[in-house]
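The values are calculated or read from the model by the stated rules, or taken from the named source; none is laboratory data. Because the structure is a prediction, the values reported are computed rather than measured. Areas reflect the complete protein model, heavy atoms only, side chains present, ligands, DNA and RNA absent. Shrake-Rupley method; radii C 1.70, N 1.55, O 1.52, S 1.80 Å.
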Amino acid sequence: MNTMIADAEVLVGAYEDLVAGVLGGKDTVFGQNATVTNTSPSMSGPWSGGGGSGTQHVDPSPAAASAVEFAASMNPAQEKVLEFAANAIELVGQFIAGVDRAGQTYAATDRAAIFPPPPENPVAAHMDHSDQS
């Protein structure tokens, strides 16, 4: 019983870590906030004697819009899978509780069980033992 409870506790901990990872990254995991660094040409290039390389700026990635759309359909599916996992863990807990209840009931019944006293006239007392020598 203790092993099942300990294993269930490990299972719950792993589930909580999974939930934290899934829900913690749901707004970024598919690239919804992806960016690209672009360089604008500089007016001071080597041809003008300035030797500059341009100005860098960060823009949203062209894939970000598709990632947002994909996340809108995937996040609910992932949350549903988490719900299914939680339900399975709950069933494990109910199973453990059922096994415990059965064991407790058996132990209580066993403790309450008594052997009846022997009959007042045992069968052996009525047997004829005269031919035994």
Open item on the list: Please verify whether residue 36 is assigned to a strand (DSSP E or B) and at pLDDT below 95, treating the condition exactly as stated.
Closed with: yes
Open item on the list: Among the listed residues 65, 85, 77, identify the single one that is open to solvent by less than 80 Å² (accessible area, probe 1.4 Å) and modelled with pLDDT under 95.
Closed with: 65
Open item on the list: I need the full set of residues from the stretch 52-62 which are hydrophobic (A, V, I, L, M, F, W, C) and open to solvent by less than 50 Å² (accessible area, probe 1.4 Å), in order please.
Closed with: none
